[in-house]
Amino acid sequence: MTFSIVGRCAETGQLGIAISSSSIAVGARCPWLRTGVGAVSSQNITLPALGPQILDGLDEGLAPHQALDRALTRNGYSQYRQVAVVDAQGRTALFSGNHALGINNAVAGEQCVAAGNLLANSAVIERMVEAFENSEGCLAARLLSALQAGQDAGGEAGAVHSAALSVVGELVWPIVDLRVDWAEENPIGELNKLWAAYQPQLQDYLTRALNPTLAPSYGVPGDE
């Protein structure tokens, strides 16, 4: 149903998630990030509340495994959940309940966790971790490389239809929040196209927000 990579950039401290699913609008339910705190992917039989609750625990000073355990205990039905966590220091935690769907796997790497269920094979997740650890460039690009590596290794047992990429940096809002809510085929490819279009404008949008006097114009109606 879903496979994801949660990661941190050791150089910038950015946190991010790349995720894809056979379900519609995976980016609306599964990825949760908070600047300076952590990133959580809550998936399988998804309980969106786990994301904010785990981030609250991290914000209170709990270690990732403690914040994860507390949230799972508080909500019950943990056997149906699959969760991946990376905190602001790059520490990780993961969980796959015994009712996780189909072939499922979760693997922690260097400042990253990949997890998935209803997979074509368990090696999908291992390939994602390897791709993240061995890739270069900004965090968003590394996350997308890992997501593509998972798809290339087999991905889900069936077709995926949605994908999302989110990254937080030093600001209180996401600096990247791109979603393909539904595509009949290749949503990861569509997400890569979105990133290719957005990346050259990313800094411009930050400038527009922080110092409007320096805001560039894109020549669209009403944009003087």
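The values are calculated or read from the model by the stated rules, or taken from the named source; none is laboratory data. Given the structure is predicted, the values throughout are model-derived calculations rather than measurements. Cβ placement follows ideal geometry from the backbone for every residue including glycine, while neighbour counts extend to all protein chains displayed. Accessible surface areas use protein heavy atoms only, side chains included; no ligands, DNA or RNA. Shrake-Rupley method; radii C 1.70, N 1.55, O 1.52, S 1.80 Å.
Scan region 115-125 residue by residue and report those that are assigned to a strand (DSSP E or B) and in contact with an Asp or Glu (Cβ under 9 Å, 6 or more places away or on another chain).
116, 117, 119
With 181, 204 as the choices, which residue is in contact with a strand residue (DSSP E or B) (Cβ under 6 Å, 6 or more places away or on another chain) and open to solvent by 40 Å² or more (accessible area, probe 1.4 Å)?
After ruling out the rest, the residue left standing is 181.
Quick one: in region 1-20, of everything that is buried (at least 23 other Cβ atoms within 10 Å of the Cβ) and more than 15 Å from residue 166 (Cα to Cα), which residue is modelled with the highest pLDDT?
The residue in question is 2.
Sort out which residues of region 88-128 are more than 23 Å from residue 23 (Cβ to Cβ) and aliphatic (A, V, I, L, M), and write them in order of number.
88, 93, 108
Specify which of the listed residues (102, 137) is of a type outside the set (A, V, I, L, M) and without any contact (Cβ under 8 Å) to a residue 24 or more places away in the chain.
Matching residue, one of 102, 137: 137.
Within the set of pairs 6+ apart or on separate chains, which have a first residue in region 5-16 that is over 18 Å from residue 150 (Cα atoms), a second that is assigned to a strand (DSSP E or B) and of a type outside the set (A, V, I, L, M), and C-beta atoms under 6 Å apart?
If the second residue must be assigned to a strand (DSSP E or B) and of a type outside the set (A, V, I, L, M), the pairs left are 15/8.
Given (1) without any contact (Cβ under 8 Å) to a residue 24 or more places away in the chain; (2) surrounded by 24 or more Cβ atoms within 10 Å (Cβ to Cβ), where does residue 29 come up short, assuming only one miss?
Among (1) without any contact (Cβ under 8 Å) to a residue 24 or more places away in the chain; (2) surrounded by 24 or more Cβ atoms within 10 Å (Cβ to Cβ), the lone unmet condition for residue 29 is (2).
Identify the residue in region 149-191 that is of a type in the set (D, E, K, R) and not in a loop (DSSP other than H, G, I, E, B) and, among all such residues, is nearest to residue 19 (Cα to Cα).
So the residue we want is 179.
Given the conditions (1) among the hydrophobic types (A, V, I, L, M, F, W, C); (2) touching a Ser or Thr at 6+ places or on another chain (Cβ under 8 Å); (3) surrounded by 11 or more Cβ atoms within 10 Å (Cβ to Cβ), report the number of the one that residue 172 does not fulfil.
Every listed condition holds for residue 172 apart from (3).
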